[in-house]
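Structure first, commentary second.
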Amino acid sequence: MRVPANCQRDFNLLLFDPDGDMVRCRYAVPTDECYTSSDLPNDFTLRENCTLSFWGNSNTTGTYAVQLTMEDFPTQSISLSYTDGSQSNRTSNDTLCKLPVQFVVRVDPPVTSCMEGLYLPMFLSPTPAQGALLNASADQPLEITVRAQATNSTVAELLVSGPSGITKNTTDPGEYLLRWTPTEVEEGGYYPVCFIAQGVNNSSKYHSELRCVIVRVGNTSAIRTTEPITSPPLTINLTTTEEPTTSPPLTINLTTTEEPTTSPPLTINLTTSQIAPELPTTPTNFSTYATTASPTFSTNPTTDLTTHIVDSTTKNSGPRYVVVLRIKVSSLIPLTDNYIRNVVFQQLREELIRLGLPGDFTLRLLATHDISP
(Lines give C-alpha, C1' and ligand atoms only; values in the text may rest on other atoms or scores of the structure.)
Protein backbone atom coordinates (compact mmCIF):
# COMPACT_ATOMS: atom_id res chain seq x y z
CA MET A 1 0.00 0.00 0.00
CA ARG A 2 1.24 3.49 -0.87
CA VAL A 3 0.79 6.95 0.64
CA PRO A 4 2.47 10.29 -0.21
CA ALA A 5 4.78 11.50 2.54
CA ASN A 6 2.82 14.71 3.16
CA CYS A 7 -0.64 13.08 3.35
CA GLN A 8 -2.45 11.76 6.40
CA ARG A 9 -3.92 8.29 5.80
CA ASP A 10 -5.84 5.76 7.90
CA PHE A 11 -5.36 2.12 6.90
CA ASN A 12 -8.59 0.57 8.21
CA LEU A 13 -7.97 -3.16 8.45
CA LEU A 14 -11.05 -5.34 8.19
CA LEU A 15 -12.51 -6.39 11.55
CA PHE A 16 -14.97 -9.26 11.47
CA ASP A 17 -15.83 -12.14 13.77
CA PRO A 18 -18.90 -14.28 12.96
CA ASP A 19 -19.34 -15.10 16.65
CA GLY A 20 -19.51 -11.42 17.59
CA ASP A 21 -16.30 -11.53 19.66
CA MET A 22 -14.30 -8.35 20.26
CA VAL A 23 -11.40 -8.06 17.78
CA ARG A 24 -8.27 -6.05 18.58
CA CYS A 25 -4.90 -5.48 16.96
CA ARG A 26 -1.40 -4.97 18.34
CA TYR A 27 2.16 -5.08 17.04
CA ALA A 28 3.53 -8.61 16.76
CA VAL A 29 6.07 -9.72 19.37
CA PRO A 30 9.50 -10.44 17.84
CA THR A 31 10.80 -14.03 17.80
CA ASP A 32 7.48 -15.39 19.12
CA GLU A 33 5.15 -14.00 16.44
CA CYS A 34 7.53 -12.49 13.87
CA TYR A 35 11.21 -12.47 12.99
CA THR A 36 11.86 -8.82 13.84
CA SER A 37 9.76 -5.91 15.09
CA SER A 38 8.01 -3.58 12.64
CA ASP A 39 10.26 -0.67 13.72
CA LEU A 40 7.93 1.94 12.22
CA PRO A 41 8.65 5.68 12.47
CA ASN A 42 6.74 7.77 15.00
CA ASP A 43 4.51 9.01 12.16
CA PHE A 44 2.67 5.65 12.36
CA THR A 45 0.29 4.82 15.19
CA LEU A 46 -1.79 1.68 15.71
CA ARG A 47 -5.10 1.67 17.55
CA GLU A 48 -6.78 -1.35 19.09
CA ASN A 49 -9.57 -1.13 16.49
CA CYS A 50 -6.97 -2.19 13.90
CA THR A 51 -6.58 1.23 12.27
CA LEU A 52 -2.99 2.05 11.35
CA SER A 53 -2.64 5.83 10.95
CA PHE A 54 0.09 7.67 9.07
CA TRP A 55 0.21 11.34 10.05
CA GLY A 56 2.27 12.70 7.16
CA ASN A 57 5.92 13.74 7.27
CA SER A 58 8.00 14.61 4.22
CA ASN A 59 11.07 13.05 5.88
CA THR A 60 9.50 9.59 6.21
CA THR A 61 9.84 8.34 2.60
CA GLY A 62 10.74 4.68 2.30
CA THR A 63 9.32 1.16 2.49
CA TYR A 64 8.15 -0.23 5.83
CA ALA A 65 7.14 -3.75 6.82
CA VAL A 66 4.13 -3.84 9.15
CA GLN A 67 3.73 -6.95 11.32
CA LEU A 68 0.60 -7.11 13.45
CA THR A 69 -1.32 -9.67 15.46
CA MET A 70 -5.13 -9.69 15.36
CA GLU A 71 -6.84 -11.27 18.37
CA ASP A 72 -10.42 -11.93 19.42
CA PHE A 73 -11.81 -11.80 22.95
CA PRO A 74 -15.18 -12.95 24.35
CA THR A 75 -17.60 -10.19 25.26
CA GLN A 76 -18.38 -11.98 28.52
CA SER A 77 -17.03 -14.90 30.56
CA ILE A 78 -17.51 -18.21 28.74
CA SER A 79 -16.73 -21.89 29.27
CA LEU A 80 -15.04 -23.86 26.48
CA SER A 81 -15.47 -27.63 26.08
CA TYR A 82 -12.93 -29.76 24.20
CA THR A 83 -13.21 -33.10 22.41
CA ASP A 84 -11.16 -34.83 25.13
CA GLY A 85 -13.82 -33.88 27.68
CA SER A 86 -11.85 -31.11 29.36
CA GLN A 87 -13.11 -27.56 29.89
CA SER A 88 -11.62 -24.11 30.41
CA ASN A 89 -13.03 -20.75 31.42
CA ARG A 90 -12.26 -17.54 29.53
CA THR A 91 -12.95 -13.95 30.51
CA SER A 92 -13.16 -10.85 28.35
CA ASN A 93 -9.42 -10.34 28.95
CA ASP A 94 -8.44 -13.78 27.61
CA THR A 95 -7.49 -14.28 23.98
CA LEU A 96 -9.49 -16.93 22.15
CA CYS A 97 -7.29 -17.05 19.04
CA LYS A 98 -4.86 -14.85 17.13
CA LEU A 99 -3.99 -14.28 13.50
CA PRO A 100 -0.85 -12.73 11.96
CA VAL A 101 -1.38 -9.71 9.68
CA GLN A 102 1.61 -8.63 7.60
CA PHE A 103 1.89 -6.08 4.79
CA VAL A 104 4.16 -3.37 3.39
CA VAL A 105 3.54 0.40 3.34
CA ARG A 106 5.43 2.47 0.78
CA VAL A 107 5.75 6.17 1.68
CA ASP A 108 6.24 8.02 -1.61
CA PRO A 109 7.54 11.57 -2.20
CA PRO A 110 5.10 14.41 -1.39
CA VAL A 111 2.23 15.19 -3.74
CA THR A 112 0.83 18.61 -4.68
CA SER A 113 -2.57 17.92 -3.07
CA CYS A 114 -3.77 15.25 -0.66
CA MET A 115 -7.43 15.71 -1.58
CA GLU A 116 -9.15 12.48 -2.58
CA GLY A 117 -10.28 12.62 -6.19
CA LEU A 118 -7.38 14.79 -7.41
CA TYR A 119 -4.17 12.72 -7.44
CA LEU A 120 -5.34 10.10 -4.94
CA PRO A 121 -8.22 8.04 -6.43
CA MET A 122 -11.58 8.36 -4.68
CA PHE A 123 -14.19 5.58 -4.59
CA LEU A 124 -17.64 6.45 -5.92
CA SER A 125 -21.05 4.81 -5.72
CA PRO A 126 -21.94 1.96 -6.21
CA THR A 127 -18.67 0.82 -4.61
CA PRO A 128 -19.67 -0.98 -1.38
CA ALA A 129 -18.72 0.65 1.91
CA GLN A 130 -15.88 -0.49 4.13
CA GLY A 131 -16.95 -3.58 6.09
CA ALA A 132 -20.13 -4.17 4.05
CA LEU A 133 -21.58 -7.68 4.39
CA LEU A 134 -22.56 -9.20 1.03
CA ASN A 135 -24.52 -12.43 0.61
CA ALA A 136 -23.74 -15.14 -1.92
CA SER A 137 -24.88 -18.70 -2.64
CA ALA A 138 -22.87 -21.71 -3.73
CA ASP A 139 -22.65 -22.14 -7.52
CA GLN A 140 -24.18 -18.69 -8.09
CA PRO A 141 -22.02 -15.74 -9.20
CA LEU A 142 -21.59 -12.70 -7.00
CA GLU A 143 -20.75 -9.46 -8.81
CA ILE A 144 -19.29 -6.39 -7.12
CA THR A 145 -18.94 -3.12 -9.02
CA VAL A 146 -16.08 -0.85 -7.94
CA ARG A 147 -15.83 2.72 -9.26
CA ALA A 148 -13.03 5.22 -8.69
CA GLN A 149 -11.96 8.55 -10.17
CA ALA A 150 -9.11 11.04 -10.02
CA THR A 151 -8.85 14.29 -12.00
CA ASN A 152 -5.04 14.72 -11.92
CA SER A 153 -4.10 11.08 -12.38
CA THR A 154 -5.48 8.17 -14.42
CA VAL A 155 -7.12 5.29 -12.54
CA ALA A 156 -5.30 2.51 -14.35
CA GLU A 157 -5.53 -0.48 -12.01
CA LEU A 158 -7.56 -2.07 -9.23
CA LEU A 159 -5.47 -4.14 -6.84
CA VAL A 160 -7.60 -6.97 -5.44
CA SER A 161 -7.16 -9.55 -2.71
CA GLY A 162 -9.89 -12.15 -2.31
CA PRO A 163 -10.87 -15.83 -2.31
CA SER A 164 -9.55 -18.26 -4.89
CA GLY A 165 -11.28 -17.93 -8.26
CA ILE A 166 -12.24 -14.25 -8.01
CA THR A 167 -11.90 -12.39 -11.34
CA LYS A 168 -11.67 -8.74 -12.32
CA ASN A 169 -12.79 -7.03 -15.52
CA THR A 170 -12.70 -3.40 -16.61
CA THR A 171 -16.15 -2.24 -17.76
CA ASP A 172 -15.39 1.48 -18.21
CA PRO A 173 -12.42 3.73 -17.40
CA GLY A 174 -12.16 3.68 -13.63
CA GLU A 175 -14.92 1.05 -13.26
CA TYR A 176 -14.30 -2.61 -12.48
CA LEU A 177 -16.47 -5.68 -12.07
CA LEU A 178 -15.37 -8.30 -9.54
CA ARG A 179 -16.96 -11.69 -10.03
CA TRP A 180 -16.78 -14.75 -7.79
CA THR A 181 -18.72 -18.02 -7.82
CA PRO A 182 -18.45 -19.88 -4.49
CA THR A 183 -18.42 -23.67 -4.46
CA GLU A 184 -20.40 -25.99 -2.19
CA VAL A 185 -17.24 -26.56 -0.16
CA GLU A 186 -17.27 -22.86 0.72
CA GLU A 187 -20.90 -22.96 1.88
CA GLY A 188 -21.36 -21.41 5.34
CA GLY A 189 -18.08 -19.49 5.30
CA TYR A 190 -17.15 -15.80 5.41
CA TYR A 191 -14.60 -14.51 2.90
CA PRO A 192 -12.91 -11.07 2.77
CA VAL A 193 -12.49 -9.14 -0.48
CA CYS A 194 -10.17 -6.11 -0.33
CA PHE A 195 -9.24 -3.64 -3.06
CA ILE A 196 -7.25 -0.46 -3.74
CA ALA A 197 -7.58 1.81 -6.77
CA GLN A 198 -4.25 2.88 -8.27
CA GLY A 199 -3.83 6.16 -10.13
CA VAL A 200 -0.89 6.96 -12.42
CA ASN A 201 0.59 10.33 -13.39
CA ASN A 202 3.74 9.94 -15.51
CA SER A 203 5.99 7.71 -13.37
CA SER A 204 4.17 8.43 -10.09
CA LYS A 205 1.63 6.02 -8.60
CA TYR A 206 -1.09 6.95 -6.11
CA HIS A 207 -3.28 4.67 -4.04
CA SER A 208 -6.82 5.16 -2.79
CA GLU A 209 -7.88 4.10 0.67
CA LEU A 210 -7.93 0.39 1.43
CA ARG A 211 -11.49 -0.91 1.30
CA CYS A 212 -12.64 -4.40 2.33
CA VAL A 213 -15.98 -6.22 2.36
CA ILE A 214 -17.11 -9.59 3.72
CA VAL A 215 -18.89 -12.17 1.54
CA ARG A 216 -21.12 -14.58 3.42
CA VAL A 217 -21.79 -17.80 1.52
CA GLY A 218 -25.16 -19.20 2.58
CA ASN A 219 -28.53 -20.24 1.23
CA THR A 220 -29.57 -16.71 0.33
CA SER A 221 -29.58 -15.56 -3.28
CA ALA A 222 -26.44 -13.86 -4.55
CA ILE A 223 -26.70 -10.11 -5.00
CA ARG A 224 -25.22 -7.70 -7.50
CA THR A 225 -24.15 -4.44 -5.88
CA THR A 226 -25.11 -2.41 -8.97
CA GLU A 227 -28.82 -3.23 -8.81
CA PRO A 228 -31.19 -0.55 -7.50
CA ILE A 229 -31.73 -0.74 -3.77
CA THR A 230 -35.06 -0.11 -2.10
CA SER A 231 -33.53 1.39 1.05
CA PRO A 232 -35.40 4.43 2.38
CA PRO A 233 -33.95 7.82 1.37
CA LEU A 234 -31.37 9.56 3.52
CA THR A 235 -32.49 13.14 4.10
CA ILE A 236 -30.06 15.83 5.16
CA ASN A 237 -31.23 19.34 6.05
CA LEU A 238 -28.51 21.98 5.94
CA THR A 239 -29.07 25.37 7.58
CA THR A 240 -26.19 27.85 7.50
CA THR A 241 -25.46 30.36 10.25
CA GLU A 242 -24.14 33.00 7.82
CA GLU A 243 -25.62 36.48 7.54
CA PRO A 244 -29.40 36.30 6.98
CA THR A 245 -30.43 35.95 3.33
CA THR A 246 -33.67 35.42 1.51
CA SER A 247 -32.49 32.06 0.13
CA PRO A 248 -34.50 29.06 1.35
CA PRO A 249 -32.78 26.24 3.28
CA LEU A 250 -30.96 23.66 1.15
CA THR A 251 -32.45 20.17 1.28
CA ILE A 252 -30.50 17.24 -0.09
CA ASN A 253 -32.20 13.91 -0.70
CA LEU A 254 -29.77 11.02 -0.95
CA THR A 255 -30.79 7.51 -1.90
CA THR A 256 -28.34 4.95 -0.57
CA THR A 257 -26.92 2.22 -2.79
CA GLU A 258 -25.62 0.08 0.00
CA GLU A 259 -26.65 -3.46 0.87
CA PRO A 260 -30.46 -3.88 1.05
CA THR A 261 -31.80 -3.25 4.51
CA THR A 262 -35.10 -2.91 6.27
CA SER A 263 -33.77 -0.21 8.57
CA PRO A 264 -35.88 2.95 8.93
CA PRO A 265 -34.84 6.19 7.23
CA LEU A 266 -31.96 8.13 8.71
CA THR A 267 -32.56 11.85 9.22
CA ILE A 268 -29.70 14.23 9.88
CA ASN A 269 -30.08 17.90 10.86
CA LEU A 270 -26.92 19.90 10.32
CA THR A 271 -26.15 23.41 11.51
CA THR A 272 -23.09 24.81 9.73
CA SER A 273 -20.86 27.71 10.61
CA GLN A 274 -18.68 28.96 7.77
CA ILE A 275 -15.52 30.73 8.80
CA ALA A 276 -13.71 32.73 6.10
CA PRO A 277 -10.87 34.44 7.95
CA GLU A 278 -8.38 36.75 6.37
CA LEU A 279 -5.13 34.86 6.23
CA PRO A 280 -1.59 36.07 5.48
CA THR A 281 0.06 35.21 2.18
CA THR A 282 1.72 32.26 3.87
CA PRO A 283 -1.18 30.47 5.60
CA THR A 284 -0.83 28.95 9.02
CA ASN A 285 -2.55 25.78 10.18
CA PHE A 286 -5.52 26.28 12.44
CA SER A 287 -8.55 24.38 13.73
CA THR A 288 -11.99 25.80 14.41
CA TYR A 289 -14.73 24.14 16.45
CA ALA A 290 -18.44 24.92 16.53
CA THR A 291 -19.87 25.63 19.96
CA THR A 292 -23.57 25.78 19.19
CA ALA A 293 -26.09 23.57 17.44
CA SER A 294 -29.76 23.70 16.62
CA PRO A 295 -32.00 21.46 18.76
CA THR A 296 -33.26 18.15 17.46
CA PHE A 297 -36.48 16.68 18.83
CA SER A 298 -36.70 12.91 18.58
CA THR A 299 -37.67 9.90 20.62
CA ASN A 300 -34.87 7.90 19.00
CA PRO A 301 -31.31 7.43 20.31
CA THR A 302 -29.24 10.40 19.14
CA THR A 303 -25.55 10.79 18.36
CA ASP A 304 -23.81 14.17 18.39
CA LEU A 305 -20.81 14.52 16.10
CA THR A 306 -18.55 17.35 15.01
CA THR A 307 -16.80 17.54 11.65
CA HIS A 308 -15.26 20.12 9.36
CA ILE A 309 -14.45 20.55 5.70
CA VAL A 310 -10.89 21.74 5.20
CA ASP A 311 -8.18 21.71 2.55
CA SER A 312 -5.34 19.84 4.28
CA THR A 313 -2.61 20.81 1.82
CA THR A 314 -0.26 23.75 2.02
CA LYS A 315 -0.82 26.33 -0.72
CA ASN A 316 1.63 29.04 -1.76
CA SER A 317 -1.01 31.76 -1.51
CA GLY A 318 -4.69 32.38 -1.10
CA PRO A 319 -7.10 31.90 1.80
CA ARG A 320 -8.27 28.61 3.25
CA TYR A 321 -11.85 28.11 4.31
CA VAL A 322 -13.17 25.90 7.07
CA VAL A 323 -16.81 24.87 7.38
CA VAL A 324 -17.54 23.42 10.81
CA LEU A 325 -20.58 21.16 11.18
CA ARG A 326 -22.12 20.28 14.53
CA ILE A 327 -24.52 17.50 13.65
CA LYS A 328 -27.21 15.69 15.62
CA VAL A 329 -27.98 12.33 14.01
CA SER A 330 -31.16 10.52 15.04
CA SER A 331 -31.50 6.89 14.00
CA LEU A 332 -33.18 3.64 15.05
CA ILE A 333 -30.06 1.70 14.01
CA PRO A 334 -26.63 1.83 15.72
CA LEU A 335 -24.28 4.43 14.21
CA THR A 336 -20.54 3.86 14.31
CA ASP A 337 -17.74 6.24 13.37
CA ASN A 338 -16.82 4.00 10.43
CA TYR A 339 -20.40 4.03 9.15
CA ILE A 340 -20.50 7.83 9.31
CA ARG A 341 -17.14 8.15 7.54
CA ASN A 342 -17.72 5.50 4.88
CA VAL A 343 -21.44 5.86 4.17
CA VAL A 344 -22.81 9.23 5.29
CA PHE A 345 -19.72 11.24 4.38
CA GLN A 346 -19.22 9.52 1.03
CA GLN A 347 -22.73 10.22 -0.20
CA LEU A 348 -22.77 13.75 1.25
CA ARG A 349 -19.54 14.51 -0.61
CA GLU A 350 -20.85 13.13 -3.92
CA GLU A 351 -24.05 15.13 -3.62
CA LEU A 352 -22.25 18.38 -2.79
CA ILE A 353 -19.98 17.91 -5.83
CA ARG A 354 -23.00 17.14 -8.01
CA LEU A 355 -24.59 20.39 -6.84
CA GLY A 356 -21.53 22.33 -7.99
CA LEU A 357 -19.17 22.50 -5.01
CA PRO A 358 -15.53 22.11 -6.18
CA GLY A 359 -14.12 18.71 -5.31
CA ASP A 360 -10.99 19.97 -3.56
CA PHE A 361 -12.33 19.56 -0.03
CA THR A 362 -12.11 16.89 2.64
CA LEU A 363 -14.70 15.77 5.18
CA ARG A 364 -13.22 14.90 8.55
CA LEU A 365 -14.88 13.49 11.64
CA LEU A 366 -13.61 15.29 14.72
CA ALA A 367 -15.64 13.65 17.48
CA THR A 368 -18.85 11.77 18.26
CA HIS A 369 -20.75 11.03 21.44
CA ASP A 370 -24.17 9.76 22.42
CA ILE A 371 -26.71 12.22 23.83
CA SER A 372 -30.04 11.76 25.50
CA PRO A 373 -33.18 12.08 23.32
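The values are calculated or read from the model by the stated rules, or taken from the named source; none is laboratory data. On a predicted model such as this, the values are computed, not experimentally measured, just so you know. Every residue, glycine as well, gets a Cβ built from its backbone with ideal geometry; the counts of neighbours run over all protein chains shown. When the accessible area is computed, the model is the full protein with side chains, heavy atoms only, and any ligands, DNA or RNA have been set aside. Shrake-Rupley method; radii C 1.70, N 1.55, O 1.52, S 1.80 Å.
Give me the strands (runs of 3 or more DSSP E) completely within region 101-215, filtered to those with at least 2 residues that are open to solvent by 60 Å² or more (accessible area, probe 1.4 Å), within 22 Å of Leu15 (Cα to Cα) and not acidic (Asp, Glu), ordered by residue number.
Answer list for region 101-215: 154-161, 190-201.
Scan region 1-22 residue by residue and report those that are assigned to a loop (DSSP other than H, G, I, E, B), in contact (Cβ under 8 Å) with a residue 60 or more places away in the chain and open to solvent by 50 Å² or more (accessible area, probe 1.4 Å).
Keep residues of region 1-22 that are assigned to a loop (DSSP other than H, G, I, E, B), which gives 1, 5-8, 13-21.
Checking which are in contact (Cβ under 8 Å) with a residue 60 or more places away in the chain leaves us with 1, 5-8, 13-16, 18, 21.
Asn6, Gln8, Leu15, Phe16, Pro18 - these are the residues of region 1-22 that are assigned to a loop (DSSP other than H, G, I, E, B), in contact (Cβ under 8 Å) with a residue 60 or more places away in the chain and open to solvent by 50 Å² or more (accessible area, probe 1.4 Å).
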Does Leu80 satisfy the criteria of being surrounded by 15 or more Cβ atoms within 10 Å (Cβ to Cβ) and aliphatic (A, V, I, L, M)? no
Report every pair of residues separated by at least 6 positions or lying on different chains whose Cβ atoms are under 6 Å apart, first residue within region 54-72 and within 28 Å of Leu15 (Cα to Cα) and open to solvent by less than 50 Å² (accessible area, probe 1.4 Å), second at pLDDT below 90 and small (Gly, Ala, Ser). Val66/Ser38; Gln67/Ser38
I'd like the full set of residues that are in a strand (DSSP E or B) and on the phi > 0 side of the Ramachandran plot, limited to region 48-68. Gly62
Looking only at region 23-43, which residues are of a type outside the set (Ser, Thr, Tyr), open to solvent by 60 Å² or more (accessible area, probe 1.4 Å) and either more than 23 Å from Leu96 (Cα to Cα) or part of a strand (DSSP E or B) (or both)? Arg24, Arg26, Asp39, Asn42
What's the number of the condition Glu157 fails, among (1) out of contact with any Gly (no Cβ under 8 Å at 6 or more places or on another chain); (2) closer than 27 Å to Gly20 by Cα? (2)
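Just one of Ile166, Ile196 is modelled with pLDDT of 95 or more and touching a His at 6+ places or on another chain (Cβ under 8 Å); which is it?
Result: Ile196 is the single residue among Ile166, Ile196 that is modelled with pLDDT of 95 or more and touching a His at 6+ places or on another chain (Cβ under 8 Å).
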